[in-house]
Amino acid sequence: IPNEVRYPIVIYLHDAGGISVTTYRLQKALEIENFAMVLPNSFARNGRKPDCEGRAGNPENCAMAPVVYLERRSELVYAVNAAKRLSWVDQDNVFLMGSGEGAVAVALWGGEVDVSGYIIANWTCTAPDSLPWFDGLRIPRTRPILALKTSGSRWSDMPGWEGDCADRAKAGAEIESLEIDSSDRDVMLWPQARRAFIEFLYVNRRSPVTN
């Protein structure tokens, strides 16, 4: 990469199943738009326990290992800070995205890092009363948020988990919420969601300051 080139970047925290083929396709789509996407692999940690037993798409099988979310928090902070030290990264245009388990981390701890915007995919920002620490959206109202989910997945309509991140946002927050009518677990399979994602990046990309 030439020294003078700086790329806007999306740091993507994967869901409980790890980095998927869909995620790699999204990474390729961003390359066409001249955005870089970094994919930290949470399962590269020694001794990393899975949070979900069996199918990750079933809420009753997840939130089994709360320590995982503390690990995801540290990964989030480390990844953003490390990315900002890279010479080819546009420091003014670092975005943070999470899907599923990764989206929980973004919703709960994304406010601990300074980024240009947040994307929360496949998560409702809502949890049952038995898991209060799991619930909420703790992102500053001064930063834009895009929330993407499907309507028919078990995470969207199961009692205690149903909800919308827009309802959990702070008063006056700049949040856009898009729900796709589908029973698919991964909203990013849908072209409408991918278009909304790329549009969000362009709209919230900070222009360089000129003298």
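The values are calculated or read from the model by the stated rules, or taken from the named source; none is laboratory data. Note that the structure is a prediction, hence the values are computed from the model and not measured. We place every Cβ from the backbone using ideal geometry, glycine too, and count neighbours over all the protein chains shown. With ligands, DNA and RNA removed, areas are computed over all heavy atoms of the protein, side chains included. Shrake-Rupley method; radii C 1.70, N 1.55, O 1.52, S 1.80 Å.
Tabulated results
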{"read-out": "Scope the stretch 1-31; condition in a helix (DSSP H, G or I) and not aromatic (Phe, Trp, Tyr); matching residues", "value": "VAL21, THR22, THR23, ARG25, LEU26, GLN27, LYS28, ALA29, LEU30, GLU31"}
{"read-out": "Residue match in the stretch 130-153 (condition: open to solvent by 40 Å² or more (accessible area, probe 1.4 Å) and either of a type in the set (Asp, Glu) or in contact with a Pro (Cβ under 6 Å, 6 or more places away or on another chain) (or both))", "value": "no"}
{"read-out": "Candidate set from the stretch 30-59 (those that are within 26 Å of ALA193 (Cα to Cα) and modelled with pLDDT under 65); member that is surrounded by the fewest Cβ atoms within 10 Å (Cβ to Cβ)", "value": "ARG55"}
{"read-out": "Failed condition for TRP88, given (1) surrounded by 16 or more Cβ atoms within 10 Å (Cβ to Cβ); (2) closer than 23 Å to VAL203 by Cα", "value": "(1)"}
{"read-out": "Enumeration of residues in the stretch 179-205 that are of a type in the set (Gly, Ala, Ser), out of contact with any helix residue (DSSP H, G or I) (no Cβ under 6 Å at 6 or more places or on another chain) and open to solvent by less than 30 Å² (accessible area, probe 1.4 Å)", "value": "SER182, ALA196"}
{"read-out": "Number of the exception - VAL115 against (1) open to solvent by 10 Å² or more (accessible area, probe 1.4 Å); (2) under 25 Å from ARG85 (Cβ atoms)", "value": "(1)"}
{"read-out": "Any hit, the stretch 164-178, residues being open to solvent by 40 Å² or more (accessible area, probe 1.4 Å), at pLDDT 95 or above and polar (S, T, N, Q)", "value": "yes"}
{"read-out": "Residue within the stretch 64-84 that is β-branched (Val, Ile, Thr), more than 19 Å from ILE120 (Cβ to Cβ), at pLDDT below 95 and not in a strand (DSSP E or B) present", "value": "yes"}
{"read-out": "Any chance VAL94 is modelled with pLDDT of 95 or more, within 18 Å of the chain's Cα centre (by Cα) and surrounded by 17 or more Cβ atoms within 10 Å (Cβ to Cβ)", "value": "yes"}
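Here is a yes/no grid of residues against (1) farther than 16 Å from ALA173 by Cα; (2) small (Gly, Ala, Ser):
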residue	(1), (2)
GLY102	yes, yes
VAL113	yes, no
TRP123	yes, no
LEU146	no, no
